[in-house]
Amino acid sequence: MDMPSFQDSPTAHRESLLTGEQLVGEECKEALSIIRHSTDQSVVKEKMRATFEYRQKMVHDKDATSSVLDVFPRFLVPGLIDQDFLMMFGDEVSGRFLAKWPSYFKHKVIEECQGLPVNPYVVELQAAFDPEAENVYGWDSDISAILLLLHLLPPTSRGRKKTAKISSAQAANHLVRFVKEGASLTTFLDKVDAIQPFLLCIGEQKKKIQRFFIVVDKKVIPCDAQTSVAAFDVLFKAHYVFSLSYDKALSSFYTFIQTTVYHIDVGKAKESPRVKELRARLLRDG
């Protein structure tokens, strides 16, 4: 019998791996009320854990998905995206990006980009790794390396003539955005037309971010990450927790991170030849 093909891994329905009582009926309603009104974060986290299955049904119901952040406004309590992802995949998978990206993949991606044709966007990103370079306006080295991976796995135009291919620099805007400390978030969000999650970084400079948020469908979820690597980890996980497909422009990029770094749905997810080829190159000397 053929293995099921996960064309769209983040939206595949998954049962919780972690055993624990899941509430139904009146008890579930009562828990939802506690989640809305309790100021005790540990109580909120416990009730969120006990309503995981209910929430999963909800995010996989096309009519209810848009309201999940209204029913569970306490996703605004930092750490809950991580908690739900952990219930789907367990400790080992959940910790892989933080374990593997800084220690292995980041350096491999930087090396891989050294042979690229000169391009102002790539040169600007590479300045983050050069102590001699003027990097006043650029990102820190972690976000720069993540954006270089996007450059190695750029958006592809998918056969439809109407969709113009966008550049890696334009695609980067679908992944991470910067707002200067003190600027109006409301004004920024009014102009956002993205539904898929992206990382919002707030700080004095791009390389000195003070606060991170995950923006999902114009709603802002605080992220308690202290580093841009940890914030990106939460951004990736948000796709699974809210059952959201990857942004089309970021499909190859996210699929690479999903299968190669997190090892999710390896051999089942649909991968482009470019994703397979890059994985073979980066892992060759591993």
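Rounding to the nearest 20 debye, state how big the charge dipole of the range 120-278 is about its Cα centre with +1 on each Lys and Arg Cβ and -1 on each Asp and Glu Cβ.
880 debye
Counting only heavy atoms of the protein chains, get the accessible area per residue of the range 140-278 (1.4 Å probe) and round it to a whole Å² value.
In whole numbers, the range 140-278 has 43 Å² accessible per residue.
Going toward the positive end of the dipole of the chain, with +1 on Lys and Arg Cβ and -1 on Asp and Glu Cβ, which of Phe105, Phe85, Ile35 do you reach last?
Going by the Cα projections, it comes out as Phe105.
Could you give the dipole magnitude of the chain about its Cα centre, charging the beta-carbon of Lys and Arg +1 and that of Asp and Glu -1, in debye to the nearest 20?
My answer is approximately 920 debye.
Calculate, in nm to one decimal, what Asp91 and Leu17 gain on full extension: separation in residues at 0.36 nm each, minus their alpha carbon distance.
In short, 25.6 nm is gained.
Leaving out ligands, DNA and RNA, what percent of the accessible area of the range 204-286 is carbon and sulfur, probe 1.4 Å?
48 percent
Relative contact order for the chain: what is it in percent, counting Cα pairs under 8 Å that are at least 6 residues apart?
23 percent
Which entry is the computed Kirkwood radius over Cα pairs in Å for this structure: (i) 21.6; (ii) 20.1; (iii) 18.7?
After the calculation, the listed value that fits is (ii).
Carbon and sulfur together cover what percent of the accessible area of the range 1-137 at a 1.4 Å probe radius?
Accessible surface attributable to carbon and sulfur in the range 1-137 totals 54 percent.
Could you order His60, His37 so the one with the most accessible surface comes first? Probe is 1.4 Å.
His37, His60
The values are calculated or read from the model by the stated rules, or taken from the named source; none is laboratory data. Since the structure is predicted, the reported quantities are computational estimates derived from the model, not experimental observations. Because the Cβ atoms are built from the backbone with ideal geometry, glycine has one as well, and the counts that use them run over all protein chains shown. Ligands, DNA and RNA are excluded from the accessible area calculation, which covers all protein heavy atoms including side chains. Shrake-Rupley method; radii C 1.70, N 1.55, O 1.52, S 1.80 Å.
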